[in-house]
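**Q** Below is a structure I'd like to ask you about.
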Amino acid sequence: MKKCINLHSCLIDHIINLCDANDLLELLSGTENTLFPDGLIATVLKQLQPALSKECWKRNPMALHCYRWCLFKMSHPHLGEFIDHVLPPALLLIDDYLPKNKISGIKCVQHIVNNVAPTQLLRYGRADVLFSALESQLYTNDQKLLKNVHACILSIIEILDRSKMEKTLSVTRYDSILKTILTNMEIDDKIKFRRFYSGILIQYIEQMKLSIVRFLKRLLPIVANYLEIYDGPEETSRINILKALNLTIKYAWPRIPHHSDDILKCLLKFMDDISTDDSLTSLTVKQMLMQEAQDVLILLNYSTGENIVKLLAGIQDVHDNEIFKNAIVNVCTSTNKE
């Protein structure tokens with residue numbers, strides 16, 4: 001295999017030199033000084049097109065491999081010229097029933113989105129087609145597939161709804177995707193999915209900013225539920241959900257005073273659980289959890305006109321756990337300093 005790869009590289013280099021091109025990109029896309037000024041990519045894709053049709057692509061794995069190889073060798077601004085040639089095979093892959101083919105297609109789409117001008121993607125509704133194809137892949141339990149789907153969806157929505165995001169509280173496609181995420185978080189109790197969804201939630205909150213205020217009534221009970229459940233020594237989902245809560249308070253602060261009591265209760269209960277926890281969770285992870293919770297409390301305090309510190313001052317006098325008391329003292333001290 002290694003020998004074949006080396007021979008392949010030598011052959012490509014030899015062809016590049018024969019064609020007077022500086023690199024593979026020049027050979028594929030073309031330049032004035034090469035033997036093929038218009039490039040080879042158009043010819044290659046045209047030759048591959050019959051083998052990559054809906055009826056034939058599964059019987060032609062080499063054609064598919066060649067398509068992917070050519071696609072990933074092309075970049076901006078050259079790839080945009082061939083968008084109508086490279087999109088159909090990627091969509092066929094996404095529509096397949098095998099997860100590995102779906103992931104392959106999504107990676108192709110991600111490369112296209114990253115290397116084609118947004119105006120070209122918006123023209124003729126191409127971006128809408130891509131979004132619909134990706135949205136239909138959200139209803140799966142394949143975590144690897146979901147990870148790739150969400151990464152690509154975030155890129156597509158940024159292009160589709162850029163103008164809407166400039167207007168505060170506009171409803172965008174982020175809303176519909178977040179509804180699906182929250183539904184999955186409410187009903188899926190598997191640890192691996194709790195870790196995944198709590199992580200992806202952070203990315204959507206960062207994009208939606210103040211618009212997350214529309215989802216507070218659904219989001220906050222989910223946060224409380226995630227904070228209650230231990231998910232292993234690394235505590236990935238609880239760390240993620242605390243970061244998500246921090247961002248939620250940061251962006252949705254005008255409405256936070258109306259929910260401050262519920263947020264405070266679940267945070268204090270969580271901190272009490274961590275301070276008395278005797279599981280296999282390391283001290284470093286526990287400290288990280290307590291620090292994240294403290295950061296949220298500090299932000300919550302500012303969002304409520306510093307009413308939280310007054311309540312915390314009374315709590316630290318009646319609680320007998322030193323770890324818990326020290327955390328509360330740290331919050332009060334940090335608030336007073338600032």
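Readers should treat all values here as calculations from the given coordinates under stated rules, not as data from a laboratory. Fair warning: this is a prediction, and the values are worked out from it, not measured in the lab. Quick reminder, even Gly has a Cβ in these numbers, built from the backbone with ideal geometry, and neighbours come from all protein chains shown.
**Q** Under a point-charge model restricted to the Cβ atoms of Lys and Arg (+1) and Asp and Glu (-1), what is the dipole moment magnitude of the range 40-160 relative to its Cα centre, in debye to the nearest 20? Don't jump to the answer; show the numbers that get you there.
**A** Numbers: 13 positive and 9 negative charges, 81 e Å.
My answer is approximately 380 debye.
**Q** Report the label-to-label distance for residue 186 and residue 128 in nanometres (one decimal), using points 7 Å from each Cα along the Cα→Cβ vector.
**A** Placing both labels 7 Å along Cα→Cβ, they lie 2.9 nm apart.
**Q** Tell me which lysines have Cα within less than 17 Å of residue 54's Cα, excluding those fewer than 8 residues away on the same chain?
**A** Within the straight-line limit of under 17 Å, residue 54 reaches these lysines: 46, 102.
**Q** Tell me the relative contact order for the chain as a rounded percent, counting alpha carbon contacts under 8 Å between residues six or more apart.
**A** 9
**Q** Here are labelled values, (i) 25.9, 83; (ii) 19.6, 60; (iii) 23.3, 80, and one is the computed Rg and Dmax of the Cα atoms in Å for what I pasted. Which one?
**A** Label (i) holds the value from this structure.
**Q** Starting at the first residue of the range 100-108, write each ³J(HN,Hα) from the Karplus equation 6.51 cos²θ - 1.76 cosθ + 1.60 with θ = phi - 60°, in whole Hz, x for Gly and Pro.
**A** 5, 6, 4, 4, 4, x, 5, 5, 5
**Q** Across the range 42-56, in residue order, what do the Karplus-derived ³J(HN,Hα) couplings come to in whole Hz, using 6.51 cos²θ - 1.76 cosθ + 1.60 with θ = phi - 60° and x for Gly and Pro?
**A** 4, 5, 4, 5, 5, 5, 7, 3, x, 6, 9, 6, 4, 7, 10
**Q** Can you tell me the FRET efficiency between residue 276 and residue 255 if r is taken as the Cβ-Cβ distance and R0 is 45 Å, rounded to the nearest 0.05?
**A** Rounded to the nearest 0.05, the efficiency is 0.90.
**Q** Highest mean first, what order results for 144-154, 276-286, 301-311 on Cβ atoms within 10 Å?
**A** Final packing ranking: 144-154, 301-311, 276-286.
**Q** Kindly state, to the nearest 0.05, the FRET efficiency for residue 69 paired with residue 166, given R0 = 51 Å and r defined as their beta-carbon distance.
**A** 0.85
**Q** What spacing in nm lies between the two simple spin-label points modelled at residue 158 and residue 302, each 7 Å away from Cα in the Cβ direction?
**A** The answer from the label model is 2.6 nm.
**Q** Still on this model: Packing-wise, with mean Cβ within 10 Å as the measure, how do 130-139, 288-297, 61-70 rank, highest first?
**A** Averaged packing, sorted descending, gives the order 288-297, 130-139, 61-70.
**Q** Please list 3J(HN,Hα) in residue order for the range 248-259, calculated via the Karplus relation 6.51 cos²θ - 1.76 cosθ + 1.60 where θ = phi - 60°; whole Hz, with x for glycine and proline.
**A** 4, 5, 4, 8, 9, 4, x, 9, 4, x, 6, 10
**Q** Do the sum for the chain: with -39,500 (n - 2.57) for every DSSP H run of n ≥ 4, divided by all residues, what is the mean residue ellipticity at 222 nm, to the nearest 500 deg cm²/dmol? Spell out each step's value before the answer.
**A** On the way: 18 runs with 237 residues, N = 338.
That calculation yields -22500 deg cm²/dmol at 222 nm.
**Q** Now for a separate question. If packing is taken as the average number of other Cβ atoms within 10 Å across a peptide's residues, how do 44-54, 175-185, 200-210 rank, most packed first?
**A** Ranking the peptides 44-54, 175-185, 200-210 by packing returns 200-210, 175-185, 44-54.
**Q** Which pairs, out of 73/164; 147/192; 58/147, put more than 22 Å between their alpha-carbon atoms?
**A** 73/164; 58/147
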